Amino acid sequence: MLPVSLVSLSCPRSYIAAVQNPMLQASPSTESCQSHQTPEEASRLVDMYTLLSQLMRYPEESAIVTAMVEAQIELAGALDWQREAEDVRQWRQQCPDLLHDLRLEYTRLFITAARRNTTVPPYASVYLDSDALLQGRTTERIHDFYRSCGYELAAESEPADHIWLQLNFLAALARDANFEAEEQFLRTFFRPWFVIFKEKCFQATAHPVYRLTLILIDFFTKEEQ
Amino acid sequence: MAMNLTRRNFLKTASIAAASVPLSRVAAKAESGVVKKPLAAPGSFKNTKTVVGGVCEMCFWRCQLVGKVRDGRLLKLEGNPKSIDNGVSLCARGNGGVAMLYDPDRLKYPLKNVGKRGEPKWERISWTEALDICGSKLKAIVDQHGAKSIAVFPHGSSAKYPMDFFERTVGTPNVSEASFFQCRGVRDMAYITTLEIAPDENVDMANAKVIFLTGSHLGENVHVSHLKGYLKGLERGAKLVVLDPRFSAAASKADIWVPIKPGTDTAMLLAIMNYLVENKKYAVDFVEEYGEGFEQFAAGIKEWTLERAAAECEVPAAQIKQIADLLAANMPNVAIHPGRHVTWYGNDFQRERALACLTGLLGAIDVKGGLVKPIGPKGLKGTNWPQSEGHGEGNLREMEDVHHFHPPGTPTELIRDAAISGQPYPIKGCVIWGQNMIQTLPGQEKTIKMLEQMDFVLCADVMPTDVTMYADILLPDCSYLEKYDYIKSGTQWDLSAEHQQYIAPRMALVEPGFERKDCVWITNEIAKRMGYGDKIPVASQEEMMAKVLEGAGLTLDKIREEGGIHIQPGEAPYGKNDYLIVHFFSEDLGEYEYPAIPTYIPVEPPPAGYMRMLYGRTPLHTFNRSINNPWLIHEAPINPVWVNDKVAARLGLKNGDTVRLVNQDGVESRTTTVVKVTPGIREDSVYLYHGYGTRNKEMTFSVDKGVDDSSLITKIAIDPETGAHGLRNNFVKLVKVG
Amino acid sequence: MRYGMVIDIDRCVGCHACVISCKAEWEVPTKYDRNWVHRLGPAQTSQGLAYTYYPGLCNHCETPTCVPVCPVEKVRMTMQDAKTGETKTMEVAATWKDPFNGTVQIDYERCIGCGACATACPYHARYINTELADETCLGKADKCTYCMPRVAEGLEPACVQTCLARARIFGDLDDPASEISQYVKKGAVGLTSPAVQIGPNGMYYGSKKADMELLMTTSAPKEMPKVVTRRAALEAMRLTAKQQIKEVGLLGLAGALVAKSLSSEGEDSK
């Protein structure tokens, strides 16, 4: 296996910040279904989730974009997804301005709205609450779940159920080795809407970076036998 | 993709050297927080915080609100119990504000169009970048062509601060407010010319003995406290007279419904007045004391006998007489409603003049039931951008010497024509703030041409309306629930009840979210970049509010403590107007060679096979403004076209048939709607709710639903005195589809 | 206490605020309606042209047809009068008529979403919220509750509060001094017809004959819906058996069905 180096993806702020409570200690659940995971595996999972959450954010800086795309290619390679890795490589080679190109696609896919079948707002409530509004009941429940695990949104202006925040939260759970909560969150909140979101995105975009991102998210979050 | 590879295996076997990502170490709470799906509906009255200070802007009546908020999430809006205006009530749109707030289609971030105007390709950019572009582009246009080269199309309370900046400080005269030139400007100017006051809708219906409505479809047109007054008047026994080609919501409550031929209302008003004058059934003393030019007026309207009007209006002479007698028997306590949206045919100044004269003829000013200006709180002072030297230079209206009785701003058509032709000077910058000109203006092709020739188009809005497709930079404005920018004040809605006054400043009920910004911040940032930083009157929206409230000795905090509305004792309004005057014959008008007395100007009849296209409101929407709201769209998803049942039979149309509309110029509606067959409309007319048929795919709940009536207004009519449009002079055929 | 509501269609302007406020108050999914407004006309009646509105909601009937068709196993439930504290114990399925205030309520926990009650209502006042389906149910029945939780806190029902015309008069029909009782004296009527006489406590008043005629002819249900109790329950059992049922009232269903069929054969033909 090729070593994959993930450049430190430093977030200027911690978007999902800790609730300070020195009285309590984090401890891995002994009843976790993933309790066989070693610290190294857990740490890798943290990195995976963090990379994926960053990929689902609006691309702000060129340097980070370059690093993320490189990490994405190497990760795909490590998974032996050669075609997907090659698609991204090709795009990277031919595209004169990576940041601008990704921003355009991100805006089109996730920020503005378009006809119903190409609208893919990246918020769980749009898919799980029939009214398809933001800040729905699902948002409230997801936010409560973050809190119940000791996390709060820090100075965040997006609804709590934005996919990047959900992935960021999953990274935090992995860091805590709280795999029971991770599985519960995935089962109750993440998978039910991601499966719909992923399909719509595939119909809506041919961009190799976002297609690969979705497959990666799927790989790391889907239910395993 | 490798088969049989699971995450577990991958994490085990991959040797991924990774720097760790800094996430704050967390301490997990003891409880595991299992979230069950709740089965009982919660109810907004429990486990919520009540936030005060909301002032609605789903329409422009501006009811006072409170919000029920749970964990930063707005669950419900209700009328503020402290309100003496709407009280605890809200209309459907007011209640629907929650769905607007959380509409996923709403504008969220500044956007730059890297594609074509009209077929945008949006890129989210930073505020800094967006403002830099706006500032530098607009400055360049001003530097090259002068301030007059910027056209401003504002609408709503958000638009006042930027509009004032561009009009007063930058100095462009080319400002076109839809509420003036496509709505009520004609009314205001006609009443000012006649009675020297702008009437708003200040008829004391709650205390009137007769309520006289010309076209106002109260009930389908919903303004909460206005309806309260109307319904109270009816409850107290007021007789209701409604002139309308359609059996509207108001007609259905009327004692007398006049299915008047469209375009002929002025003839009927003149005949009523002539009858009253000839039979001395008017307020003789009042007219003697306060009337000017009455003899010339009386002589001038002599030709309008009951019979002549009956023929013109297709109304029995006996009915006109009946109405005139009813008004005379009950004067002066009669409410002659001035209307609100009056830009119908391009001859509307005359109709509004006639209404104002009729009000004066009946002495129905300043008395119970009549035209009465409520006495509101004093001391609220405006704070504004300074007027620069040379502001207003290049006034097109002055240069063409037309429309001498225009409302504030420059008539829209003059701006459009100048922009398209480049004469007498180029108009190269366009600032659109909250106005969807695609649906406010007739002649959509002209609007598009005007926008396409601009060097720079800036739009600021809450929703991605049709016009935003033409923006170069599109900025996300705060909705009325997320900002501080307007102070609603007034009195209790029943003028004969205990006299009170209220001051209700709009306060944010929730955080804006995303990167939406308020109009004060945005305008100031643009002003700085255009070189007007030293002219900024207030640094923030809160400062603006504080300055206005100062004059009344109030602060936002104080009012918040009072439950969001400041109430103080008021003053009885009757008999308070110390300067009554009625210009029956207007010398001012005569001087400019407009008709000096109210005059009937006939309108073109529909060509054979066509019907006049009339439009109006549904209580579920405020035209295109609220159209994308899923709660409201569910109640009123489409705008059915009302057709007379006999006409429908002749055309072979049945209720529910899908049709397209085609107008006299051969312009076809882009989308379809369904037929509503009813005896409640004249054979020569059809009726639709305005605001449907959205074109922009980004309004996902409403795109292509129903027909955009404004797309079929291709024949342009202009009211000569004001320069306002007339929007009901187009005719359509219905073409069955499928 | 017998709660009822009168809609004064003289006052009503058809603004639909009542519908939206109810949705907001109870977080009803947009596609469902706990209450509704139908716009009627303009149309000719024997009394002239009329254009009016049918604001509808559950009528909390005197003899509701929804309550007896619920197939869920009955349990003993003790109701308490909010005012007097008096209690009464009854055997109820997942829906019942409150003995103290006359309102018809639903137990969302036990409801299996079979839809029998919704079908049984001639006013179509109930709906099944299929979004709440899980392993134990097909969804949950729902309808207007006369905002009893709000009323318990001294508040008006949400629709009554938001009505700008004060056209919704809510109160105790058993209190002769109440405003609603005055409306009954004035001649407010429920939407009944020869075939549908289940004692609606929701009523309508209008002084214009044309309006009332249009309302009655378009909106009073003309026939009772056909409901087959046993079939509806068996349908529900068949469908839910596809998923895993642990222990729900359904297990008692067979027993309940047996009991029912022994005692009331005729029920099936309703």
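Summary of computed values
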| quantity | calculated |
| --- | --- |
| Subset tally (residues that are within 14 Å of chain A (Cβ to nearest Cβ) and small (Gly, Ala, Ser)) for region B:117-141 | 2 |
| From B:Leu549, B:Leu509, B:Leu554, residue being assigned to a loop (DSSP other than H, G, I, E, B) and more than 30 Å from A:Ala155 (Cα to Cα) | B:Leu554 |
| Scope region B:99-132; condition farther than 29 Å from B:Ile627 by Cβ and surrounded by 19 or more Cβ atoms within 10 Å (Cβ to Cβ); matching residues | B:Leu131 |
| Evaluation of C:Lys31 against (1) over 29 Å from A:Asp129 (Cα atoms); (2) in contact with a His (Cβ under 9 Å, 6 or more places away or on another chain) (one fails), failing number | (1) |
| Matching entry among B:Val431, B:Val457 (being aliphatic (A, V, I, L, M) and within 21 Å of the chain's Cα centre (by Cα)) | B:Val431 |
| Flag for A:Arg211 being crowded, with 20+ Cβ neighbours inside 10 Å, within 13 Å of chain B (Cβ to nearest Cβ) and among the basic types (Lys, Arg) | no |
| Residue in region B:639-682 that is surrounded by the fewest Cβ atoms within 10 Å (Cβ to Cβ), counting only those that are among the hydrophobic types (A, V, I, L, M, F, W, C) and under 23 Å from B:Ala251 (Cα atoms) | B:Val647 |
| Scope region B:477-506; condition outside any loop (DSSP other than H, G, I, E, B) and closer than 17 Å to B:Gly97 by Cβ; matching residues | B:Asp477, B:Lys488, B:Ala504 |
| Matching entry among B:Ala190, B:Ala198 (being closer than 30 Å to B:Ser586 by Cβ, in a loop (DSSP other than H, G, I, E, B) and in contact with a Lys or Arg (Cβ under 9 Å, 6 or more places away or on another chain)) | B:Ala198 |
| Any hit, region C:94-109, residues being acidic (Asp, Glu), more than 18 Å from C:Val227 (Cα to Cα) and in contact with a strand residue (DSSP E or B) (Cβ under 8 Å, 6 or more places away or on another chain) | yes |
| Number of the condition not met by C:Asp142 [criteria: (1) within 19 Å of C:Cys58 (Cα to Cα); (2) more than 14 Å from every other protein chain (Cβ to nearest Cβ); (3) in contact with a strand residue (DSSP E or B) (Cβ under 7 Å, 6 or more places away or on another chain)] | (2) |
| Unique match (being buried (at least 16 other Cβ atoms within 10 Å of the Cβ) and farther than 30 Å from B:Phe286 by Cα) among B:Pro573, B:Pro630 | B:Pro630 |
| Residues that are closer than 20 Å to B:Pro104 by Cα and within 9 Å of chain B (Cβ to nearest Cβ), drawn from region A:137-155 | A:Arg137, A:Thr139, A:Glu140, A:Arg141, A:Ile142, A:His143 |
| Residue satisfying all of: in region B:618-636; within 11 Å of another protein chain (Cβ to nearest Cβ) and assigned to a loop (DSSP other than H, G, I, E, B); nearest to B:Leu727 (Cα to Cα) among these | B:Thr618 |
| Qualifying positions in region A:156-177 - within 9 Å of another protein chain (Cβ to nearest Cβ), in a loop (DSSP other than H, G, I, E, B) and either within 15 Å of the chain's Cα centre (by Cα) or within 29 Å of C:Leu132 (Cβ to Cβ) (or both) | A:Glu158, A:Pro159 |
| Counted residues, region B:302-331 - those being surrounded by fewer than 20 Cβ atoms within 10 Å (Cβ to Cβ) and assigned to a loop (DSSP other than H, G, I, E, B) | 5 |
| Flag if B:Pro408 is within 30 Å of B:Ala552 (Cα to Cα), under 24 Å from the mean Cα position of the chain (by Cα) and not assigned by TED's automatic domain parsing to the domain that holds B:Met205 | yes |
| Looking only at region B:710-738, and only at residues there that are of a type in the set (Gly, Ala, Ser) and assigned to a loop (DSSP other than H, G, I, E, B), the one that is surrounded by the most Cβ atoms within 10 Å (Cβ to Cβ) | B:Ala724 |
| Which listed residue is of a type outside the set (S, T, N, Q), in a strand (DSSP E or B) and not assigned by TED's automatic domain parsing to the domain that holds B:Thr465, from B:Lys697, B:Lys676, B:Lys646 | B:Lys676 |
| Any hit, region B:273-282, residues being in contact with a Cys (Cβ under 9 Å, 6 or more places away or on another chain) and either within 14 Å of chain C (Cβ to nearest Cβ) or crowded, with 22+ Cβ neighbours inside 10 Å (or both) | yes |
| Selection within region C:1-42 - at the interface with another protein chain (Cβ under 7 Å from one of its Cβ atoms), touching a residue at least 60 places away in the same chain (Cβ under 8 Å) and small (Gly, Ala, Ser) | C:Ala17, C:Ser21, C:Ala24, C:Gly41 |
| Output for region B:589-609, where each listed residue is under 29 Å from the mean Cα position of the chain (by Cα) and either surrounded by fewer than 14 Cβ atoms within 10 Å (Cβ to Cβ) or over 29 Å from B:Val284 (Cβ atoms) (or both) | B:Ile601, B:Pro602, B:Val603, B:Glu604, B:Pro605, B:Pro606 |
| Selected residue (only one of A:Leu104, A:Leu133 is part of a loop (DSSP other than H, G, I, E, B), buried (at least 18 other Cβ atoms within 10 Å of the Cβ) and within 8 Å of another protein chain (Cβ to nearest Cβ)) | A:Leu133 |
| Yes/no for B:Asn639 being closer than 23 Å to B:Gly443 by Cβ, modelled with pLDDT of 95 or more and under 22 Å from the mean Cα position of the chain (by Cα) | yes |
| Residue in region C:1-13 that is surrounded by fewer than 21 Cβ atoms within 10 Å (Cβ to Cβ), at pLDDT below 95 and farther than 16 Å from C:Ala141 by Cα present | yes |
| Qualifying residue in region C:208-220 (condition: crowded, with 20+ Cβ neighbours inside 10 Å, at pLDDT 95 or above and acidic (Asp, Glu)) | yes |
| Output for region C:99-110, where each listed residue is in a loop (DSSP other than H, G, I, E, B), free of Cβ contacts under 8 Å to residues at least 40 places away in the same chain and either under 21 Å from C:Asp134 (Cα atoms) or hydroxyl-bearing (Ser, Thr, Tyr) (or both) | C:Asp107, C:Tyr108, C:Glu109 |
| Condition met for B:Gly293 (in contact (Cβ under 8 Å) with a residue 60 or more places away in the chain, surrounded by fewer than 24 Cβ atoms within 10 Å (Cβ to Cβ) and assigned by TED's automatic domain parsing to the domain that holds B:Asn221) | yes |
| Counted residues, region B:467-489 - those being closer than 21 Å to B:Ile427 by Cβ and of a type in the set (D, E, K, R) | 1 |
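The values are calculated or read from the model by the stated rules, or taken from the named source; none is laboratory data. Keep in mind that what you see is a predicted model, and the values were worked out from it rather than measured. Quick reminder, even Gly has a Cβ in these numbers, built from the backbone with ideal geometry, and neighbours come from all protein chains shown.
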